[in-house]
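Just so it is clear, none of the values below were taken in a lab; they were calculated from the coordinates. Treat the numbers as computed from the prediction; the structure is a model and nothing was measured. We place every Cβ from the backbone using ideal geometry, glycine too, and count neighbours over all the protein chains shown.
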Amino acid sequence: MLDIADHDSPVARASSELLLRSIRGWLIDLDGVVYRGDQVLPGAVDFVQMLRERQIPFRYLTNNSSRTQAQYAERLCAMGIPADPDDFYTSALATAEHLGRQAPPGTRVLMIGKDGLREALLARGFELVHAPADAEYCVVGFTDTLTYDMLKRASLAIRAGAPFIATNPDPTLPVEEGLAPGIGAILAAINVASDVKPIVIGKPNRIIIDLALDRLGLSAGECAMVGDRLDTDILGGQGAGIPTVLVLSGSSTVDDLATSDIHPDLIVQDLPALVDLCKSTTGSDR
């Protein structure tokens with residue numbers, strides 16, 4: 001692990017550059033890395049512009065299943081970061097793709113979530129149902145309009161035998177005011193009510209990372225994961241065998257690092273620091 005406090009030393013900086021020279025593509029988390037709430041974080045525009053100029057492939061890899069690819073692209077464009085729908089791979093897409101490898105089109109799914117998960121499941125040919133008795137699977141993604149009825153229907157479906165699948169486990173969500181409840185809070189309620197733990201598709205599960213690597217056409221050793229959470233982004237990257245970069249602009253803090261067993265390959269204060277390291281890398285156009 002390259003510690004943030006040591007980055008000014010020649011040895012640490014050389015080690016950072018050696019790591020960065022081996023990277024041919026990036027998986028980039030969104031919440032807490034590119035933006036927080038509706039505010040673009042420093043360095044986000046420069047980092048993406050640098051990757052495009054150097055023709056380095058990347059995907060925004062987010063555990064947030066609430067938006068579609070088109071909605072994410074529109075959101076970033078509105079923030080001043082040019083983006084196309086294909087730039088994004090979400091936990092909703094990974095969940096639908098994974099489920100599509102297990103169940104045929106027409107399979108009945110009770111879903112809790114928003115547009116991103118709904119469209120991903122429908123695109124795979126699944127039938128979305130309301131009644132717990134009709135559900136062959138229960139799939140849960142993040143929603144900020146959670147109701148008791150949603151929790152009730154999901155719990156009843158799971159108790160009736162529907163496998164419990166979650167897009168991701170994030171307990172919190174970075175917003176402008178701080179850390180808000182994430183999907184983990186929703187999953188905890190359903191877990192308590194149904195007495196069943198979910199099968200998780202998103203980070204830190206390597207399912208989503210392997211699927212994203214397929215889209216980049218890169219092997220694990222050629223790609224790096226940059227994120228703000230030790231327990232999802234960094235742990236997930238390590239589980240998939242790819243180098244990891246932690247930015248301290250989101251959820252995980254220096255104090256978290258001091259007590260965690262999860263050790264990123266590189267730690268930077270924010271994206272401007274990462275851009276600086278990338279641009280200082282010599283001996284490669286990457």
Assuming 0.36 nm per residue, please report the length gained on full extension of the stretch ARG108 to ALA193 beyond their Cα-Cα distance. 28.4 nm
Determine the relative contact order of the chain: mean sequence separation of Cα pairs under 8 Å and six or more apart, normalised by residue count, in whole percent. 23
Highest to lowest packing among 140-147, 52-59, scored as the average C-beta count within 10 Å: 140-147, 52-59
Rounded to one decimal in nm, the spacing of the 7 Å Cα→Cβ label points at ALA185 and ARG101 is 3.3
Can you give the helix-only mean residue ellipticity at 222 nm for the chain, where every DSSP H stretch with n ≥ 4 adds -39500 (n - 2.57) and the sum goes over all residues, rounded to the nearest 500 deg cm²/dmol? -11000 deg cm²/dmol
Choose one of LEU274, GLY80, GLY100: the residue whose Cα lies farthest towards the positive end of the charge dipole of the chain (beta-carbon charges +1 Lys, Arg; -1 Asp, Glu; about the Cα centre). GLY100
Peptides 77-86, 158-167: what's the order by average Cβ count within 10 Å, highest mean first? 158-167, 77-86
Along segment 55-61, what does the Karplus equation 6.51 cos²θ - 1.76 cosθ + 1.60 (θ = phi - 60°) give for ³J(HN,Hα), rounded to whole Hz, x for Gly and Pro? 6, 9, x, 8, 9, 6, 10
Per residue, how big is the convex hull around the C-alpha atoms of the chain? Give it to me in cubic angstrom, could you? 121
Built amide H within the under 5 Å cut-off of GLU136, gap 5+: ARG108, VAL109, LEU110
Based on alpha-carbon centroids, what's the gap between segment 231-285 and segment 68-134 in Å, whole number please? 28
Kindly identify segment 92-200 as rounded, prolate or oblate by the Cα gyration tensor criterion: order the square roots of the eigenvalues as a ≥ b ≥ c, call it rounded if a/c is under 1.5, otherwise compare a/b with b/c, prolate if a/b is larger, else oblate. oblate
Would you pull out the residues with amide H under 5 Å of PHE58's amide H, same chain only if 5 or more places away, H placed 1.01 Å from N? TRP26
Any chance you could run the full-extension gain for GLU177 through LEU18? It's 0.36 nm times the residue separation minus the Cα-Cα distance, nm to one decimal. 53.5 nm
Can you tell me how much longer the chain between GLN39 and HIS130 gets when fully stretched, taken as 0.36 nm per residue apart minus their C-alpha distance, in nm with one decimal? 29.2 nm
Computed over segment 92-200, the relative contact order (Cα-Cα under 8 Å, seq sep at least six) in percent reads 23
Filtered hits (lysines, Cα-Cα < 16 Å from LYS197, offset >= 8 within chain) -> LYS152
Residue-by-residue Karplus 3J(HN,Hα) for segment 22-31, coefficients 6.51, -1.76, 1.60, Hz, glycine and proline x: 7, 8, 10, x, 10, 10, 10, 5, 9, 4
Normalised by the residues of segment 71-153, what does the relative contact order come to in percent, with Cα pairs under 8 Å and at least six apart? 27
